[in-house]
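J.: Please see the structure below; I have some questions.
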C-alpha cells in the first residue's frame, strides 16, 4: 500500500519525458488535475484556468480540453513539464501515445 507521502509525488515528471520534450521541442501529455472527488464542473473549470495561468509563460499548446472532466491534453515543452510536475493542481502527467485502432 502506498504511503500518503508517496502519493504526493505522483505528478512528478520522469527524466525520460523531460529529455524527450527537450529533444523534440514538445511532447503530447494528458494532465489529470487534483480536484476533490465529485467536484462540480465549475470547480474543475477553475482549477484548469489556474493551471493554464501557471504555465502561461512557457511554450505549450492546449490540444484538447475535456469539458467537465479533470483532464487536459497539452503539447508541452520541457519548461512546461517542470511547472506541471511541481504544481499542486496536478495529480498525474502521462505521455499520450497514439495507438492504432484494434480490429
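J.: Between 67, 90, 31, where does the largest GNM mean-square fluctuation fall for the chain, given springs only between Cα atoms within less than 10 Å?
T.: Evaluated over the chain, the most mobile residue of the options is 67.
J.: Moving on. Calculated from DSSP H runs of 4 or more alone, at -39500 (n - 2.57) each and per residue, what is the 222 nm mean residue ellipticity of the chain, nearest 500?
T.: That comes out to -10000 deg cm²/dmol.
J.: Here's something else I'd like to know. On full extension of the chain, what length is gained from residue 50 through residue 69, given 0.36 nm per residue of separation minus the C-alpha to C-alpha distance?
T.: Extra length available between residue 50 and residue 69 comes to 5.3 nm.
J.: Which whole-number percentage describes the relative contact order of the chain, with Cα contacts under 8 Å and a sequence gap of 6 or more?
T.: Reported relative contact order: 40 percent.
J.: To continue, here is another question. Take the Cβ-Cβ distance between residue 97 and residue 58 as r, set R0 to 25 Å, and report the resulting FRET efficiency rounded to the nearest 0.05.
T.: 0.70
J.: Send over the Kirkwood Rh of the chain, from the inverse of the averaged 1/r over different Cα pairs, rounded to one decimal Å.
T.: By the Kirkwood definition, the hydrodynamic radius is 14.2 Å.
Bear in mind that the values in this text are calculations on the coordinates, not laboratory data. Quantities reported herein were computed from a predicted structural model and do not represent experimental measurements. A quick note on method: Cβ atoms are made from the backbone with ideal geometry, for glycine too, and the neighbour counts reach across all protein chains shown.
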